[in-house]
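Here, each number is a calculation from the coordinates, and none is a lab measurement. Since the structure is predicted, the reported quantities are computational estimates derived from the model, not experimental observations. All Cβ positions, glycine included, derive from the backbone under ideal geometry; neighbour counts span all protein chains shown.
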Amino acid sequence: MTDTPPANRKERRAAGSDASFDDGSFLRVADKFISLANRENRTVKATDLHMAFLFAAARYNAYVAKTVIGVDKHEDFVGSMTKTYQEMLRQHLADETLEPPKG
């Protein structure tokens, strides 16, 4: 049996690329978001910007859950995503390279 390629742009975007998303690719994509945040921070306060990014991440994750993955149990998904976010945030808060410069 052969897979039928996605018929339109929306389906292709939802399906994503067949390319592997290894650790290096993951970090490069994350760095693009961080670079965007740094550019926006030139005109938007960081305390406002981080909430906009959090809102955007929640919106995009809800889209993926509902339209790409087809999550039926929303609260289970929310719990899983919340746990993942907490782990990532704790790791970054413990990262000494994020400390403000001394002096």
Margin query: Anything in segment 73-103 that is β-branched (V, I, T) and surrounded by 10 or more Cβ atoms within 10 Å (Cβ to Cβ)? List them, or say none.
Written below: V78, T82, T84
Next item on the list: Could you run through segment 60-72 and say how many residues are free of Cβ contacts under 8 Å to residues at least 40 places away in the same chain and surrounded by 10 or more Cβ atoms within 10 Å (Cβ to Cβ)?
Entry: 9
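When you check D72 against the structure, is it acidic (D, E) and not in a helix (DSSP H, G or I), yes or no?
Yes; evaluated as a whole, the condition is true for this residue.
Can V44 be described as over 17 Å from H92 (Cβ atoms), of a type in the set (A, V, I, L, M), free of Cβ contacts under 8 Å to residues at least 60 places away in the same chain and touching a helix residue (DSSP H, G or I) at 6+ places or on another chain (Cβ under 6 Å)? Working first, answer last.
Working: over 17 Å from H92 (Cβ atoms): yes; of a type in the set (A, V, I, L, M): yes; free of Cβ contacts under 8 Å to residues at least 60 places away in the same chain: yes; touching a helix residue (DSSP H, G or I) at 6+ places or on another chain (Cβ under 6 Å): no.
For V44, the condition - over 17 Å from H92 (Cβ atoms), of a type in the set (A, V, I, L, M), free of Cβ contacts under 8 Å to residues at least 60 places away in the same chain and touching a helix residue (DSSP H, G or I) at 6+ places or on another chain (Cβ under 6 Å) - is not met.
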